[in-house]
Amino acid sequence: GSSSTSEAAFDLSSMVAGAAASLFSDSTGSAAGSNGGGGGAASFDSLKVPWSETNAALGQVVLLLSVLQQKPNSGIVFRTHKLIPLGSCSKVGILQPDGRPSVEYNLFYSDESFSFFGKRNFNTALDGLFHCLKDAIDVASTRDRTIIVPHEVIIPSGQRGEIRIGGLPPTYDGTNGETWSRAMKYLLTDLKWLVSFAQKNIDR
């Protein structure tokens with residue numbers, strides 16, 4: 001098929017790779033981030049990625065999902081949230097009834113600005129991001145039943161419960177760095193899967 005220059009500007013696969021490199025670059029040179037073996041939470045601090053890079057990576061994730069959703073014939077509709085790609089200052093909006101403006105939350109964070117509200121707003125934005133991811137996964141799974149998402153995303157219905165990806169909560173509480181990092185890896189794995197789906201089913 002033919003690819004226009006505007007489409008070429010969004011090389012989705014390299015965007016996922018770039019986000020992965022930013023989120024999980026291991027400055028210590030060890031393989032602690034990938035081997036999953038012992039070490040506990042203490043090992044997280046030794047390979048902690050600066051929030052500036054994490055925020056930039058999350059911004060790439062938001063842009064990637066937005067691009068996928070806006071592709072002609074994608075069929076993807078974000079039902080409860082909207083994504084606002086602004087690089088490392090990206091936001092997620094909760095859609096309001098009656099056409100009122102969405103309520104926006106920051107999908108960026110810094111331990112220096114550590115506050116209850118900052119963390120809560122960040123997690124609210126993360127929740128919205130996972131709602132959008134789930135919407136996209138549901139469309140892909142319905143359109144191509146030969147593929148199975150690597151890490152299932154579970155959004156609790158009705159009752160307040162925790163969102164899960166691959167059984168892990170994506171909520172960041174300041175102490176669960178290793179679990180959170182693994183949940184973000186699952187997010188990127190699912191994004192790669194979505195890109196493959198798009199290349200097979202949407203871009204043709």
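Which of the residues belonging to segment 77-100 are in a strand (DSSP E or B) and at pLDDT below 95? Outline the logic, then answer.
Looking only at segment 77-100, we keep the residues that are in a strand (DSSP E or B), and these are 81-84, 86, 88, 91-94.
Correct list: Ser88 only.
Here is a list: Lys119, Lys200. Which entry is in contact with a Gly (Cβ under 7 Å, 6 or more places away or on another chain), part of a helix (DSSP H, G or I) and in contact (Cβ under 8 Å) with a residue 12 or more places away in the chain? Before the answer, list the steps.
Working: Lys200 fails: in contact with a Gly (Cβ under 7 Å, 6 or more places away or on another chain).
Every option except Lys119 fails the conditions.
Does Val153 fit the bill of being open to solvent by less than 10 Å² (accessible area, probe 1.4 Å) and without any contact (Cβ under 8 Å) to a residue 60 or more places away in the chain?
Numbers: open to solvent by less than 10 Å² (accessible area, probe 1.4 Å): yes; without any contact (Cβ under 8 Å) to a residue 60 or more places away in the chain: yes.
In short, yes.
Out of all the residues in segment 156-177, which are of a type in the set (Ser, Thr, Tyr) and surrounded by 11 or more Cβ atoms within 10 Å (Cβ to Cβ)?
Thr171, Tyr172
Kindly list the number of the only condition in (1) open to solvent by 30 Å² or more (accessible area, probe 1.4 Å); (2) touching a strand residue (DSSP E or B) at 6+ places or on another chain (Cβ under 8 Å) that fails for Ala125.
(1)
The values are calculated or read from the model by the stated rules, or taken from the named source; none is laboratory data. What you see is a predicted model; the values in this text were computed from it and never measured. Backbone-built Cβ (ideal geometry, glycine too); neighbour counts: all protein chains shown. All accessible areas refer to the heavy atoms of the entire protein, side chains included, with ligands and DNA or RNA removed. Shrake-Rupley method; radii C 1.70, N 1.55, O 1.52, S 1.80 Å.
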